1. Taking neighbour counts of Cβ atoms within 10 Å as a proxy for exposure, in what order, fewest first, do Arg301, Arg65, Arg7, Arg282 appear?
2. Which entries of Lys33/Lys196; Lys196/Lys275; Lys35/Lys92; Lys46/Lys83; Lys40/Lys81 show an alpha-carbon separation above 23 angstrom in the structure shown?
3. Subtract the Cα-Cα distance of Phe87 and Asp279 from 0.36 nm times their separation in residues, and report this length gain in nm to one decimal.
4. Are there any trypsin sites (Lys or Arg not before Pro) in segment 69-112 that are in a DSSP loop and have at most 16 other Cβ atoms within 10 Å? List them by number.
5. Which residues in segment 99-124 place their backbone N less than 19 Å from a point set 7 Å from the Cα of Glu300 along the Cα-to-Cβ direction?
6. Can you list the GluC sites (Glu not before Pro) in segment 196-295 that are in a DSSP coil and have 11 or fewer other beta carbons within 10 angstrom?
7. Averaging sequence separations of C-alpha pairs under 8 Å and six or more residues apart, then dividing by the length of the chain, give the relative contact order as a whole percent.
8. In whole angstrom, how far apart do the alpha carbon centroids of segment 20-54 and segment 64-80 sit?
Amino acid sequence: MKKEAMRIGIDVGGTKIAAGLVSKSGQVTFRKKIKTATEKGYPAVKDQVTGLVSALLTEASAEPRDIEGLGIACAGQLDRKTKKVIFSPNLKWTDAPLRQDVEATTGIRTVIENDVNAAAYGEWRFGFRKEGSDVVALYLGTGVGGGLILQGRLYRGSHGVGGEIGHITLNPDGYQCHCGNNGCFEAYCGGSYIEKRLKQHLAEGYRGKLWQIIEGRMEKATVTRLEEGTLLGDALCNRVWAEIVEYLGSALQSIANLLNPELIIVGGGVVTGTKRLLDEARLVMERRAMRASLAGLKVERARMGNDAPLLGAACLIDE
């Protein structure tokens, strides 16, 4: 029986680098994960990436010639032509030639993609491919990221930086976003922004049921605890929760009206950490969206978990 061809997938983030040997059918083996040496700069992180490749090859008793390709999912904006990392705030990089350097060092054909785009592609290819070819993936984590699969291909925009769904403006006079704009989707539904608002109210002296739930410890004021507070009737939690639901639902409605996808995949810690958020936001979407935009539209939770960017990056060599 012919042995299945293997690829390597690497997910480079501001806090960790995850790597694994990936089969074309989506199986991940020989996993490795290390803390990103962000503070030491680009050269150190590049060496970490190539070191992980060597470690995977050694553990799998493989040579570079045995690997079909190497895919890197990297936090940041990429130049469409040069494939350099133009800017990565999490990694503190500007114009970093990661793809070129890794390929030159390892001798393995290498592709690089924005981490959220890679995750969107991984989710679609291995979790939802049979459910549509026009798909939007949303990730509500620390911030809000998005990826577009249109007609079965990853859409990157004219300069390779398309799909910034987290930075569509939902309220021009709204909360300040880290990107410098006001009222971004991210500023309303990103986990760090939500937690900041909760902690601000607690620091100003709010002492409702939420205070009891978190046992007076500010660091425990998470989205999960927020949902618990709404179930107990906490006034602050009810107000913040209603705002998140309305803005998430409005974003889903905007996506439905603009792109008319067959499927919207929603993942990230804000969604996985709550039970009711997505269902309630879906109701807002259905109330707000045009009827034709909703025909056949599904809104589903992400299925591939932390493997999505690994899988997507490793299999983008097929594009």
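1. Ordered by Cβ neighbours within 10 Å, fewest first: Arg65, Arg301, Arg282, Arg7.
2. Pairs exceeding 23 Å: Lys33/Lys196; Lys40/Lys81.
3. Working it through step by step, the gained length comes to 65.6 nm.
4. Qualifying residues, ordered by number: Arg80, Lys81, Lys92, Arg109.
5. 117-124
6. Within segment 196-295, the qualifying GluC sites (Glu not before Pro) (loop, at most 11 other Cβ atoms within 10 Å) are Glu204, Glu215.
7. 20 percent
8. 11 Å
Just so you know, all these numbers are worked out from the coordinates, no wet-lab data involved. The structure presented is a predicted model; accordingly, all values stated were derived computationally and were not measured. Virtual Cβ from ideal backbone geometry, glycine too; neighbours counted across all protein chains shown.
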